[in-house]
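For reference, the structure is listed below as structure tokens.
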Amino acid sequence: MAQFLFEADLHGLLKLDTPIPNAPPARWQRKAKESGPGPSPVGVSPMKPANRSHSSSKTPSKTPGKSGSKVQNTPTKAGGDRYIPNRSTMQMEMANFLLTKENEPAEESPTKKDQQKAWAVNLNGFDVEESKILRLSGKPQNAPEGYQNNLKVLYSQKMTPGSSRKNSRYIPSMPDRILDAPEIRNDYYLNLIDWSSQNFLAVALDNSVYLWNHASGEIIQLLQMEHPDVYISSVSWIKEGNYLAVGTSSAEVQLWDIQQQKRLRNMTSHCARVGTLSWNSYILSSGARTGHIHHHDVRVAEHHVATLAGHTQEVCGLKWSLDGRYLASGGNDNLVNVWPCTQGGGGDFAPVQTFTQHQGAVKVSTGLPWADIYVCSILWSTNYKEFISGHGFAQNQLVLWKYPTMTKVAELQGHTARILNLTMSPDGTTVASAAADETLRLWRCFEMDPIKKKEKEKANSAKSSIIHQSIR
């Protein structure tokens with residue numbers, strides 16, 4: 001019996017028309033309750049869904065729960081709900097014309113084209129339309145006739161010379177060595193130090209001359225004047241470095257042999273102190289306070305071979321050119337004279353060039369004149385295109401300059417009084433400065449490359465003295 005009851009319950013659950021017990025009321029029942037009490041619709045069972053026909057039903061005019069007066073009508077045409085545009089109403093021909101016209105070059109009036117071309121020529125120097133900035137193949141176009149490229153110098157310029165490049169060598173700011181120079185005369189017009197090719201530094205201290213061996217540090221007193229009132233006014237080494245010329249305040253020019261440490265000659269031709277000396281092979285030129293320059297041939301007894309009269313005041317600087325063809329002289333009369341080489345004989349000699357632009361006494365160094373109120377000495381480097389100048393008040397410094405740019409390379413300070421003279425070591429690396437503070441300072445400011453240094457030493461060792469055995 002229980003089996004039959006279970007099947008009856010299962011069969012009732014499978015029937016879709018059977019009302020669901022304990023289910024919420026249907027929508028039509030809720031509307032009926034909301035509209036008020038009344039008779040139930042005919043043919044509709046309260047426990048069964050109404051059997052509604054699709055033909056008699058209508059689509060609701062409003063969405064339940066929303067307000068509004070808009071009526072949603074069913075589309076009258078098939079496919080309208082896919083939103084396919086109606087292409088027949090569009091201007092396809094006009095659109096095609098506009099698209100194809102964009103790819104065509106714009107037509108411009110001849111006046112506008114000419115104006116753009118003129119602007120391009122003025123701004124760029126050439127017509128942009130006629131030139132190709134980037135070319136993948138083909139030869140480059142030739143520049144118009146008369147056209148000059150301002151950037152050409154960047155590609156055709158030669159390699160920058162060593163002296164104009166940025167300075168890369170180390171220049172010590174402190175002196176390599178300081179030597180005492182007691183009783184050195186504080187006189188701008190005198191030339192009291194000179195460095196020989198054999199590495200001996202000659203220094204005139206009042207009435208004595210001392211030799212300092214740079215290699216060993218040995219100091220030798222070469223001479224001392226007999227009369228206490230006579231002082232040394234100038235010293236100069238011969239090129240070979242074995243003879244030293246000495247000028248005195250008593251108008252004498254002496255010649256000394258340093259190897260034997262004895263005087264070879266005493267030449268007298270001036271009538272005033274000899275403040276400057278310069279060698280040209282066997283010719284020794286001396287300048288005196290009278291403004292005269294004498295040439296001495298040290299090989300012969302009659303040594304005075306020529307007189308140059310071109311200064312009205314004391315001659316304070318003499319220097320022969322490296323080739324021995326010209327002699328430059330500077331004087332207290334603010335003049336610089338350039339004299340030709342004389343081969344002896346009498347007569348009047350005239351300078352080939354005279355410079356009158358200076359406004360102070362002029363000293364001459366290495367064949368080129370230089371003058372300034374506060375420049376006391378100048379020296380040209382043999383290793384670089386540079387020179388060094390010694391100054392006086394107020395800083396008493398040495399300044400390195402590049403030539404010909406005239407840019408300052410370095411400043412060397414240390415002296416407490418004005419610099420009197422400068423001289424160069426035989427290897428061209430060290431400069432010795434003598435100052436009124438009674439000191440000598442050695443500056444290693446022109447250090448040379450080791451390979452070039454060996455080549456220079458080898459070339460100097462091959463040279464021999466011209467007058468080694470000819471001085472009497």
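Points worth noting:
- Test: residue in the range 271-291 that is within 18 Å of Gly317 (Cα to Cα), surrounded by fewer than 21 Cβ atoms within 10 Å (Cβ to Cβ) and of a type in the set (Val, Ile, Thr): yes
- Matching residues, the range 205-220, being open to solvent by less than 40 Å² (accessible area, probe 1.4 Å) and within 42 Å of the chain's Cα centre (by Cα): Trp212, Asn213, Gly217
- The test for being farther than 30 Å from Leu322 by Cα, within 37 Å of the chain's Cα centre (by Cα) and open to solvent by less than 80 Å² (accessible area, probe 1.4 Å) holds for Ser173.
- In summary, Gln260 fulfils each of the numbered conditions (1) over 21 Å from Glu183 (Cβ atoms); (2) crowded, with 21+ Cβ neighbours inside 10 Å with the single exception of condition (2).
Each row is one residue, and each column tells you yes or no for (1) touching a residue at least 24 places away in the same chain (Cβ under 8 Å); (2) of a type in the set (Val, Ile, Thr).
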position	(1), (2)
Gly390	yes, no
Gln395	no, no
Trp401	no, no
Lys408	no, no
Ile419	yes, yes
Leu422	yes, no
Thr429	yes, yes
Ala432	yes, no
Ala435	yes, no
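- Among the residues of the range 267-304, those that are among the polar types (S, T, N, Q) and under 22 Å from Phe200 (Cα atoms) comprise Thr276, Ser278, Asn280, Ser281, Ser285, Ser286.
- Residues located in the range 318-335, provided they are at pLDDT 90 or above and buried (at least 20 other Cβ atoms within 10 Å of the Cβ): Leu318, Lys319, Trp320, Leu327, Ala328, Ser329
- Unique residue being open to solvent by less than 30 Å² (accessible area, probe 1.4 Å), under 24 Å from Arg418 (Cα atoms) and either in contact with a strand residue (DSSP E or B) (Cβ under 8 Å, 6 or more places away or on another chain) or touching a residue at least 24 places away in the same chain (Cβ under 8 Å) (or both) when the list is Leu190, Leu223, Leu244, Leu255: Leu190
- Residues in the range 376-415 that are open to solvent by less than 20 Å² (accessible area, probe 1.4 Å) and among the β-branched types (Val, Ile, Thr): Ile378, Ile388, Val399.
- Any hit, the range 309-316, residues being touching a Leu at 6+ places or on another chain (Cβ under 6 Å), under 23 Å from Thr423 (Cβ atoms) and at pLDDT 90 or above: no
The values are calculated or read from the model by the stated rules, or taken from the named source; none is laboratory data. Not measured: the values here are computed from a predicted model. Every residue, glycine among them, receives a Cβ derived from its backbone with ideal geometry; neighbour counts consider all protein chains shown. Ligands, DNA and RNA are excluded from the accessible area calculation, which covers all protein heavy atoms including side chains. Shrake-Rupley method; radii C 1.70, N 1.55, O 1.52, S 1.80 Å.
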